[in-house]
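Undergrad: The structure's right below; bear with me while I get my questions together.
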Amino acid sequence: MRKIISGLSISSMILLASCTAPARPSVEVPKATVQYKQEVQKPLLQDIYTYEFDKIEPQHQKLIDEWLQESRADNKKNQVYCFSIGVEEDANDGYKYMYVFGKGYRTFETAFMYSQDNQLNSNDTKAQRETSQITDEGKGTVYFKGVKGDPTDETLLRIHYNTKYVSATGLVDKFFK
């Protein structure tokens, strides 16, 4: 009898405990996690790079006009010409400009690809680093692609990018879809 009574009392205690327990335990988020989420803010795309067609910065006008004359004088068809103006030549708070001129192209498409893990090998020469598709750690590359048009089409693209986020620019044949 004692076994039956103790068994019933244990069963009733288990039953009562399961009925009064909350359905889902409340999980408290540590303050450090909340603070971390507030500190890590992703930059907007316009903070990384912007682009415009048929636009030349006033301070670059003479230089780009001369470059365009030389590019137009080249008799190659379906050709893309690039001209960079960096921080050394033009103080602009860490931003650089890339002018892209396309003969036989009706427009350009652009894309930014971020890479957190890739980094340059410290043993690479300066020339290898400048032509490498590998980017600095935590930076990305602005890619541009010409969309072919009539042989007489000409397009000028100005890319303005922040060197804090962009380590390189590059021409690609096609983007992945």
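The values are calculated or read from the model by the stated rules, or taken from the named source; none is laboratory data. Computed from a prediction, not measured in an experiment: that's the story for all the values here. Positions of Cβ are generated from backbone atoms using ideal geometry, with glycine treated the same way; all protein chains shown enter the neighbour counts. Keep in mind that these areas ignore ligands, DNA and RNA; they rest on the heavy atoms of the full protein, side chains included. Shrake-Rupley method; radii C 1.70, N 1.55, O 1.52, S 1.80 Å.
Undergrad: So, in region 69-92, of the ones that are of a type in the set (A, V, I, L, M) and open to solvent by 60 Å² or more (accessible area, probe 1.4 Å), which residue ends up modelled with the highest pLDDT?
TA: Of everything passing the filter in region 69-92, ALA73 is modelled with the highest pLDDT.
Undergrad: Within region 42-80, count every residue that is within 25 Å of LYS164 (Cα to Cα) and assigned to a strand (DSSP E or B).
TA: 5
Undergrad: Quick check on this structure: which one of GLU39, GLU66 is open to solvent by 70 Å² or more (accessible area, probe 1.4 Å) and at pLDDT 65 or above?
TA: Testing whether each residue is open to solvent by 70 Å² or more (accessible area, probe 1.4 Å) and at pLDDT 65 or above leaves just GLU66.
Undergrad: Also: What is the one condition in (1) farther than 19 Å from GLY170 by Cα; (2) at pLDDT below 95; (3) in contact with a Leu (Cβ under 8 Å, 6 or more places away or on another chain) that ILE56 does not satisfy?
TA: The failed condition is (2).
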